[in-house]
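Quick notes on the structure that follows.
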Amino acid sequence: MTKPQAERTAILVAGAVIMVLTIAAFWLSYAHLASVAQAHGLATSPERQWAWPGTIDLFILAGEVLMFRAALRGVTDWWAIALTVAGSLGSIGLNVAGVGDSAPFLDYVVAAVPPSAALLAFGALMRQVHTLVTDPAHESAPASKQVAVQSPEPVPAELPAPAPEIQEPHAVEEPEPAPPHRAPEAPAVPPALLDHARKVADKHRTATGTAIDADTLRARLGVPPGLADAITAQLA
């Protein structure tokens with residue numbers, strides 16, 4: 001038996017013992033309060049005799065259960081504590097008071113033990129239930145701590161280097177010969193512009209006695225150099 005299993009067994013056995021103790025203590029307290037009720041006004045109604053103690057002892061049960069619920073939530077329920085204290089004090093006080101005056105001391109002790117034992121036993125029972133609910137046995141803990149030992153993977157033997165691939169020679173493409181350089185075509189000269197240029201050239205010849213050159217013609221006409229060259233070539 002593992003340690004968690006032994007702890008769980010001990011909790012279950014203690015819970016069973018506490019359950020028997022709780023039932024016995026509540027029954028003794030309940031029966032004594034019923035006899036107190038019979039001696040003080042409820043002798044003619046047995047049903048009321050056995051119902052009356054429930055108005056006291058059941059406060060202990062309700063308060064303990066609410067305290068157990070608060071413990072599960074991790075909070076403090078003062079209303080549950082108040083119910084438990086009120087029911088416990090009322091049950092112990094009425095059990096002791098029911099003995100009567102001038103009774104032996106042990107009679108008071110006997111009357112006070114059952115409600116006190118019922119309070120403590122039921123509180124211990126709720127404690128055991130709380131332990132079972134919030135702290136279950138960790139039977140799987142040892143298994144989780146085991147670390148699987150993995151066998152080392154076999155190292156593959158060194159393989160021979162692959163033979164170099166023989167690449168077939170690629171045919172070298174010869175570059176295509178560049179097209180022969182062509183002289184730019186002379187721009188077309190409008191006929192009207194050519195007539196005007198001829199008149200300018202004639203005036204220049206008359207004034208200077210020489211043919212007009214392209215630069216002078218370009219300056220006189222205000223045309224681009226290429227167009228001036230084309231006009232000059234046509235005037236020659």
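What follows is calculated from the coordinates using simple rules that are stated; it is not laboratory data. Keep in mind that what you see is a predicted model, and the values were worked out from it rather than measured. For neighbour counting, all protein chains shown are included, and Cβ atoms are generated from backbone atoms with ideal geometry for every residue, glycine included.
Taking every alpha-carbon pair within the stretch 42-85, the share separated by more than 18 Å comes to 41 percent.
Note on Phe105/His130: beta-carbon distance plugged into 1/(1 + (r/R0)^6) with R0 of 35 Å gives a FRET efficiency of 0.40.
For Asp202, the shell of other residues with beta-carbons less than 15 Å away shows a net charge of +3, using +1 for Lys and Arg and -1 for Asp and Glu. A simple spin-label model places the labels of Ala211 and Val75 11.8 nm from each other, with each point 7 Å out along Cα-to-Cβ. Centre-to-centre, using Cα atoms only, the stretch 45-67 and the stretch 87-113 are separated by 17 Å.
Can you tally the net charge around Ile212? Count Lys and Arg as +1, Asp and Glu as -1, for every other residue whose Cβ sits under 14 Å from the Cβ of Ile212.
+2
With r as the distance between the Cβ atoms of Ser116 and Thr55 and R0 = 22 Å, compute the FRET efficiency 1/(1 + (r/R0)^6) and round to 0.05. Efficiency at R0 = 22 Å is approximately 0.70. A simple charge model with +1 on the Cβ of Lys and Arg, -1 on the Cβ of Asp and Glu and nothing else charged puts the dipole of the stretch 1-126 at about 420 debye relative to its Cα centre.
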